[in-house]
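Working notes, structure below.
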Amino acid sequence: ALEKIVLVGFVGINDPLRPDVKAALEATKKAGLKTVIITGDNKLTAKAIAQELDINVDDESILEGSQLAKMDDQQLLEKVRSIKIYARVTPEDKLRIVNAWQASGEVVAMTGDGINDAPALKKADIGIALGSGTDVAKGAASLILLDNNFQVINNAIEQGRVIYDNIKKVILYLLSDSFSEIVIIFGSLFMGLPIPLVPAQILWINLVTDGFPDMALTIEPGEKEVMKEMPQERNKPILDAERKLLILVISIVTGVTSLALFYYYVKVVGDIELGRTVVFATLGIDSLLYVFSCRTLRHSIFHSHFFKNPYLLIAVGFGAILQVAAIYVPFLQKVLKTVSLGLYEWGIVLSVSFTVIIIIEIIKWIYIVRHKN
């Protein structure tokens, strides 16, 4: 009976890729991340999928499990960066690949859904199990993709970078103000002057005036560049050279200027309470204004979307109202040891504040030009 069978043709069954996978991989590439295919399928199948995703591969960038088994860990480490596809691999091979990437100094995220993926998922810095995967894979993973969508990984990376960015903005903002107070206090002690700020005023600035903008910065929307920059190095400090310079400059300019004002009002005018109030107002209003420069170091204050974070606007407005109330409301005057200020004093306060902003923007401009070049 078999002799009478006539071959008509072959039927190929293709499991199509999701339409959004190619765009997701392109976004990953722009973010400086490298995607590697590790599969138990034949290398030709894996190569066809890679080509469909516009991943350029050749025979030199494909490694089969049989070849991997003949390599020791050092040989794999030397070649791991050039391999884009691993085919016909075993669970042990996957674990070795993860180890090799980590040994090369990279942070590794591993996706998988089967029992055989569990060791590699556990060893990776971030193990990502598919929602349709086995319970063993889910138990070994750090994250679980409920909808099996690669774009979710990109979204998570973007959100992580935004959070990291906002942490750096908050640190820049808080340390600049705190070190300004340190400069003023130590400067006054060195010059033999009375304390320019009473404890209640320092607490008011730190907790009330700066507290609301500080919280608003934590929910600052992400900038468009966050997914177009290379990943941060694993051991890179959270405060880079640019932020350290800004903290130093803001602290010195604000601190020295406020100290000079206090010296003038104590030694020339002879009114210590007025001098303290001017310093108190300068520190409070100054930090409320330069927070708009701290919200982005990638763009000038004039090129950032001013209304992008309405919570920051509300926080600054509310903080300004409280700062003014601390100077004019009789009850708060008694608590904070302040006196009412005239237009002349407010002119000085605003002049110092805008001077600090101009200096910050000049430093930012220098770094922006340097980054572009």
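The values are calculated or read from the model by the stated rules, or taken from the named source; none is laboratory data. Model, not experiment: these values are computed from the prediction. Because the Cβ atoms are built from the backbone with ideal geometry, glycine has one as well, and the counts that use them run over all protein chains shown. Heavy atoms of the whole protein, side chains included, go into the accessibility calculation; ligands, DNA and RNA do not. Shrake-Rupley method; radii C 1.70, N 1.55, O 1.52, S 1.80 Å.
Looking only at V329, V249, V11, which one moves most when the chain is put into a Gaussian network model with springs between Cα atoms under 10 Å?
V11
Place the peptides 137-143, 234-240 in order of packing, highest mean first, counting for every residue the other Cβ atoms within 10 Å and averaging per peptide. Can you show the working numbers first?
Numbers: 137-143: 18.7, 234-240: 10.1.
In descending order of packing, they fall as 137-143, 234-240.
Please work out the average accessible area per residue across the stretch 178-335, using the 1.4 Å probe convention, and give it in Å².
Heavy-atom SASA per residue in the stretch 178-335 reads 49 Å².
Compute the angle between helix 241-263 and the longest alpha-carbon principal axis of the chain, please, reported from 0 to 90 degrees and rounded to the nearest 10.
It works out to around 10 degrees.
For the chain, calculate the relative contact order in percent as a whole number, restricting contacts to Cα pairs under 8 Å that are 6 or more residues apart. Mind showing how you got there, number by number?
Values: 468 pairs, mean separation 51.5, N = 373.
With pairs under 8 Å counted, the relative contact order is 14 percent.
Using per-residue counts of other Cβ atoms within 10 Å, averaged over each peptide, order 305-313, 160-168, 108-116 from highest down. Walk me through the numbers on the way to the answer.
On the way: 305-313: 13.4, 160-168: 15.8, 108-116: 19.8.
Ranked by mean Cβ neighbours within 10 Å, highest first: 108-116, 160-168, 305-313.
Do the sum for the chain: with -39,500 (n - 2.57) for every DSSP H run of n ≥ 4, divided by all residues, what is the mean residue ellipticity at 222 nm, to the nearest 500 deg cm²/dmol?
Numbers: 15 runs with 213 residues, N = 373.
Per the formula, -18500 deg cm²/dmol.
Less than 18 Å apart at the alpha-carbon level, and either on another chain or at least 8 residues along: which aspartates and glutamates does that give for K22?
Hits, sequence-local ones excluded: E52, D54, D147, E158.
Take the solvent-accessible surface of the protein heavy atoms, probe 1.4 Å, and return the percent of it on the stretch 164-211 that carbon and sulfur atoms account for.
Details: 1690 of 1990 Å².
The value for the stretch 164-211 is 85 percent carbon and sulfur by accessible area.
Give the residue from L288, G270, G40 lying farthest towards the positive end of the charge dipole for the chain; charges sit on Cβ (+1 for Lys and Arg, -1 for Asp and Glu) and the dipole is referred to the Cα centre.
Checking the options against the dipole of the chain, the answer is G270.
For I38, what residues show an amide H to amide H distance below 5 Å, using hydrogens built from the backbone and excluding near sequence neighbours?
Answer set, sorted by chain and number: Y86.
Determine the distance separating the Cα centre of the stretch 231-289 from the Cα centre of the stretch 42-115; give it in Å without decimals.
53
To the nearest 20 debye, what is the magnitude of the charge dipole of the chain about its Cα centre, counting +1 on the Cβ of each Lys and Arg and -1 on the Cβ of each Asp and Glu? All intermediate terms of the calculation are to be shown ahead of the outcome.
On the way: 37 positive and 40 negative charges, 110 e Å.
Approximately 520 debye in magnitude.
Which of the peptides 74-81, 250-257 is most tightly packed, and how do the rest follow, judged by the mean count of other Cβ atoms within 10 Å per residue? All intermediate terms of the calculation are to be shown ahead of the outcome.
Working: 74-81: 14.8, 250-257: 20.8.
For the peptides 74-81, 250-257, the packing ranking is 250-257, 74-81.
Any lysines with Cα under 22 Å of the K308 Cα? List them, leaving off those in the same chain fewer than 8 positions away.
Straight-distance partners of K308: K168, K169, K224, K228, K364.
Using a probe of 1.4 angstrom, how much of the accessible area of the stretch 334-373 is carbon and sulfur, in percent?
Numbers: 1790 of 2550 Å².
Answer for the stretch 334-373: carbon and sulfur cover 70 percent of the accessible area.
For the chain, count all C-alpha to C-alpha pairs, find those more than 26 Å apart, and express that count as a whole percent of the total.
Above the 26 Å cut-off, the chain has 63 percent of its Cα pairs.
For the stretch 60-65, what does the Karplus curve 6.51 cos²θ - 1.76 cosθ + 1.60, with θ = phi - 60°, yield as ³J(HN,Hα) per residue in whole Hz, taken in order and with x for Gly and Pro?
With coefficients 6.51, -1.76 and 1.60, one gets 6, 9, 10, 10, 8, x Hz.
Helix 150-191 versus the longest principal axis of the chain: what is the Cα-based angle in degrees, 0 to 90, to the nearest 10?
30
Any chance you could run the full-extension gain for K372 through V269? It's 0.36 nm times the residue separation minus the Cα-Cα distance, nm to one decimal.
Roughly 32.2 nm would be gained on extension.
Contour minus end-to-end for D54 and S142, with contour as 0.36 nm per residue of separation and end-to-end as the Cα-Cα distance? Display every interim value, and only then the final one.
Details: separation 88, 0.36 × 88 = 31.68 nm, distance 2.91 nm.
Once the chain is fully extended between D54 and S142, it gains 28.8 nm.
At a Cα cut-off below 14 Å, give the aspartates and glutamates reachable from K334, other chains included and same-chain residues fewer than 8 away excluded.
E273
For the stretch 18-96, with every protein chain kept in place, what is the accessible area per residue (1.4 Å probe, Å²)?
Per residue, the stretch 18-96 has an accessible area of 59 Å².
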